[in-house]
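In what follows, a single structure is set out as structure tokens and then discussed.
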Amino acid sequence: MEIAGSNSFSVVLPVRNGGSYIKECVASVLSQSFRNFNLIVLDNASTDDTVAWLETLKDPRIIIYPSATSLTIEQNWGRIKTVTRNKFMIITGHDDIMHPDYLEVMDELIRKHPTASLYQSHFNFIDEYGAITRACKPMQEVQSAADFFRETLENGGGFVIRSADYDAVGGIPEYPNLFFSDFVLWMELSRISYKATTPVNAFSYRVHSRNTTATSADDKYHAAFERFVDYLYALKTKDAQLNDAINTHSRNLISIYCKGLSHRLLRTPLEKRNNLTVSQLAKRYKAYADKLIDNNTFDPSAIPGVRLARIIDSNPVTRNLFLLFKKVFPKPIGKSV
């Protein structure tokens, strides 16, 4: 239900087997101090009590779109474009939490920046138990697409967008397992106009110790990253400011993912990774650096963590000893992705 003279929001919640997390998430949505919103649930053939529990709430603001068959995550999120939404929309994870004043804060931000094309609040990172692990880094109130890229890839949640703009950019791109898809979506939306951010901390973004990235097939992650690199390369040719930002910050981006994926590869038996070696992975990331960085001299294989991973991976004895060690001490070395 929309209230005349007020901004209207749709909170879009794609979910499959939300478990206990969805109850906390939905409770945070329904308790908003700002009242002009609905909650659209795109249920992906859940086999737990997700839908049954939602139906017990008997709240007219909740609209459930069930799926009769099990969909891929890409297919379920693809349904966002097919449902009717209010003027502004928020896509939230089933384990994230809106603070009680979130929509009220975002309504004020929209009124202050009516021509922005992407809106965000400051936020907290929380763990699987709901404990705050840290606050997000301070963000400028007004950011261009280049500013947004320079800031970080770790932008968390709490984004508000116009439903019409979401449709205009084609919705969320269907990267494998939606890796990098949300960041590409936010980039495309920020390029329409600019991103406006409120300093109010009004959202909590949950990060699990073992998330989808850590448990998904490596080939999907590698394919998604390669497509992401192609996307950034295309941006370089469209916008001089983005060209400068990508030139400057791609080294750090490639370093993080090359190191993290090298360590992840070490934890995967050779027969389960299509015989991809750490050395081959490092060469692949060197090619990415050459593509994104003008006159590139950076070689990811020289990163200490990658160099050590190459040494371990180069010999069957050290590789098997490492796998044995990780069974006893499963915590990843270095930064995981």
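Tally the residues that are open to solvent by 80 Å² or more (accessible area, probe 1.4 Å) and either touching a residue at least 12 places away in the same chain (Cβ under 8 Å) or among the charged types (D, E, K, R) (or both), restricting the search to segment 264-283. So the answer is 4. Within segment 20-29, does at least one residue satisfy the condition of being surrounded by fewer than 20 Cβ atoms within 10 Å (Cβ to Cβ), more than 25 Å from the chain's Cα centre (by Cα) and touching a residue at least 12 places away in the same chain (Cβ under 8 Å)? For segment 20-29, residues surrounded by fewer than 20 Cβ atoms within 10 Å (Cβ to Cβ), more than 25 Å from the chain's Cα centre (by Cα) and touching a residue at least 12 places away in the same chain (Cβ under 8 Å): absent. Pairs linking a residue in segment 43-62 that is under 20 Å from Thr92 (Cα atoms) and open to solvent by less than 60 Å² (accessible area, probe 1.4 Å) to a residue that is hydroxyl-bearing (Ser, Thr, Tyr) and assigned to a helix (DSSP H, G or I), with Cβ atoms under 7 Å and 6 or more positions apart or on different chains, are Asp43/Thr50. If you go through segment 87-118 and keep only what is more than 23 Å from the chain's Cα centre (by Cα) and among the polar types (S, T, N, Q), you end up with just Thr115.
Would you point out the residue of segment 296-322, among those that are modelled with pLDDT under 95 and among the polar types (S, T, N, Q), that is nearest to Tyr257 (Cα to Cα)? Per the criteria, the residue is Ser301. Restricting attention to segment 64-92, the residues that are open to solvent by less than 40 Å² (accessible area, probe 1.4 Å), out of contact with any Lys or Arg (no Cβ under 7 Å at 6 or more places or on another chain) and within 15 Å of Leu39 (Cβ to Cβ) total 8.
Counting just the residues of segment 233-263 that are hydroxyl-bearing (Ser, Thr, Tyr) and open to solvent by less than 40 Å² (accessible area, probe 1.4 Å), which one comes out nearest to Ser314 (Cα to Cα)? In this case the residue turns out to be Ser262. Scanning segment 153-174 for residues that are open to solvent by less than 40 Å² (accessible area, probe 1.4 Å) and either of a type in the set (Val, Ile, Thr) or at pLDDT 95 or above (or both) returns Phe159, Val160, Ile161, Ser163, Asp165, Tyr166, Gly170, Gly171, Ile172, Pro173.
Checking each residue in segment 153-196 for being out of contact with any strand residue (DSSP E or B) (no Cβ under 6 Å at 6 or more places or on another chain) and at positive phi picks out Gly170, Gly171, Asn177, Leu178, Phe180. In this structure, Val200 does not qualify as β-branched (Val, Ile, Thr), buried (at least 16 other Cβ atoms within 10 Å of the Cβ), part of a helix (DSSP H, G or I) and at pLDDT 95 or above.
Filtered by the rule that a residue be more than 11 Å from Ser262 (Cα to Cα) and either modelled with pLDDT of 90 or more or aliphatic (A, V, I, L, M) (or both), segment 323-335 gives Leu323, Leu324, Val328. The residues of segment 111-124 that are open to solvent by 10 Å² or more (accessible area, probe 1.4 Å) and under 23 Å from Gly93 (Cα atoms), listed by number, are His122, Asn124. Among the residues in segment 288-309, are any over 19 Å from Asp218 (Cα atoms), among the hydrophobic types (A, V, I, L, M, F, W, C) and open to solvent by 40 Å² or more (accessible area, probe 1.4 Å)? Yes. Ser190 - would you say it is free of Cβ contacts under 8 Å to residues at least 40 places away in the same chain and part of a helix (DSSP H, G or I)? Here the answer is no, as Ser190 does not meet what is asked. Scanning segment 99-153 for residues that are under 19 Å from Leu185 (Cβ atoms), among the small types (Gly, Ala, Ser) and without any contact (Cβ under 8 Å) to a residue 60 or more places away in the chain returns no hits.
Could you check, for segment 205-227, whether at least one of its residues is in a strand (DSSP E or B) and crowded, with 16+ Cβ neighbours inside 10 Å? Yes, there is a match, as at least one residue in segment 205-227 is in a strand (DSSP E or B) and crowded, with 16+ Cβ neighbours inside 10 Å.
The values are calculated or read from the model by the stated rules, or taken from the named source; none is laboratory data. Remember, predicted model here, so these are calculated numbers, not experimental data. Glycine also receives a Cβ, built like all others from the backbone with ideal geometry; neighbour counts cover every protein chain displayed. Accessible surface is based on the protein model in full, side chains and every heavy atom, while ligands, DNA and RNA are left aside. Shrake-Rupley method; radii C 1.70, N 1.55, O 1.52, S 1.80 Å.
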